[in-house]
Amino acid sequence: DKSKKGFNGVVTYAKYGTVRSANSRPLGSDDLDDQGRVVMTDHGSFVVFNVYAPASCGMSLSYKMKFLNALRRAMATQRRQGKKVILVGDLNISHSGIDVHWKFRSIRVNDIIQECKADATMGDVSEN
């Protein structure tokens with residue numbers, strides 16, 4: 001959301017001379033890249049994706065999946081170019097309730113099923 005400039009964001013610190021290039025728009029999607037949730041740095045033989053993924057609360061599951069799928073495609077592109085890929089950051093994914101500090105962030109399966117059904121009636125929004 002361009003109106004919330006600076007609301008999200010990640011930064012990668014690296015020793016001077018170790019980064020060949022940095023890309024703050026590696027997902028190839030304006031609506032995803034505009035949020036500043038990913039920085040990809042190229043270190044020669046490998047790239048680092050530093051990520052702050054959308055949380056399920058506050059955004060739809062379909063949006064989060066769109067983000068994660070775009071990230072997966074961006075990483076696959078780098079692998080096809082012969083780069084090793086390192087993924088770091090906050091993916092906002094938890095395995096079980098004990099992994100979640102805030103109770104409201106735990107997964108409610110019935111809510112997800114209803115949201116997926118609603119999204120299915122509106123068409124596929126997971127691809128760019």
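Is the C-alpha gyration tensor of region 33-72 telling us rounded, prolate or oblate? Criteria: a/c under 1.5 is rounded; beyond that, a/b larger than b/c is prolate, otherwise oblate.
In terms of gyration-tensor shape, prolate.
When you count, for each residue, the other Cβ atoms within 10 Å and take the mean per peptide, how do 39-45, 82-88 rank with the highest first?
Ranking the peptides 39-45, 82-88 by packing returns 39-45, 82-88.
Considering only the other residues whose Cβ falls under 12 Å of the Cβ of residue 71, what net charge follows from Lys and Arg at +1 and Asp and Glu at -1?
Around residue 71, the charge tally is +4.
Per residue, how much accessible area does region 11-53 have with a 1.4 Å probe, in Å²?
Averaged over the residues of region 11-53, the accessible area is 54 Å².
The values are calculated or read from the model by the stated rules, or taken from the named source; none is laboratory data. Here the structure is a predicted model, which means the values were calculated and not measured. Heads up, the Cβs are rebuilt from the backbone with ideal geometry, glycines too, and the neighbour counts pull from every protein chain shown. Note: accessible area is taken over every heavy atom of the protein model, side chains too, but ligands, DNA and RNA are not part of it. Shrake-Rupley method; radii C 1.70, N 1.55, O 1.52, S 1.80 Å.
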